[in-house]
1. With charges set only on the Cβ (+1 for Lys and Arg, -1 for Asp and Glu), what does the dipole of the chain come to about its Cα centre, in debye to the nearest 20?
2. With an 8 Å Cα cut-off and a minimum separation of 6 or more residues, compute the relative contact order for the chain in percent.
3. Show that you can apply the helix-only estimate: for the chain, add -39,500 (n - 2.57) for every DSSP H stretch of four or more residues, divide by all residues, and state [θ] at 222 nm to the nearest 500.
4. Of the listed values [x] 37, 24, 19; [y] 45, 26, 25; [z] 99, 33, 25, grab the one calculated as Cα extents along the principal axes in Å from the structure here.
5. For a quick check, take a GNM of the chain with Cα springs below 10 Å and name the residue from Glu17, Glu33, Glu42 with the largest mean-square fluctuation.
6. If each residue's Cβ is checked for other Cβ atoms within 10 Å, how do Val47, Val16 rank with the fewest at the top?
Amino acid sequence: MRISVDERDSGYRTLVEWGGPTAGILVTLNGEEVFGCITADEELGEVLVQVFDENDCPVVNGDEFRREWRRGVVEVSMPAMMFG
């Protein structure tokens with residue numbers, strides 16, 4: 001499965017189906033929770049993340065936030081349904 005907060009990415013439709021960017025979807029890479037995840041693809045085993053510095057501030061290159069691809073075992077977990 002592929003999921004993304006980028007509207008131009010094919011995984012964005014899955015995100016919308018699951019409740020949108022505030023749905024609380026959990027993404028892990030090699031068993032560790034991924035923060036600042038933009039795109040996650042379980043089949044390809046890769047995540048695109050926003051890069052943060054040692055003070056947890058986003059790293060900026062020029063006028064854009066720095067992003068990087070990380071690879072490994074990716075798992076995307078659907079949020080628990082909270083309907084009474």
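1. 200
2. Working: 148 pairs, mean separation 24.8, N = 84.
Normalised by residue count, the contact order of the chain is 30 percent.
3. Details: 1 runs with 6 residues, N = 84.
-1500 deg cm²/dmol, from helical runs alone.
4. [y]
5. Most flexible of the set in this elastic network: Glu17.
6. Ascending Cβ contact count within 10 Å gives the list Val16, Val47.
Throughout, read-outs are computed from the coordinates displayed, never taken from laboratory work. Since the structure is predicted, the reported quantities are computational estimates derived from the model, not experimental observations. In this analysis, Cβ positions are derived from the backbone assuming ideal geometry, glycine residues included, and neighbour counts consider all displayed protein chains.
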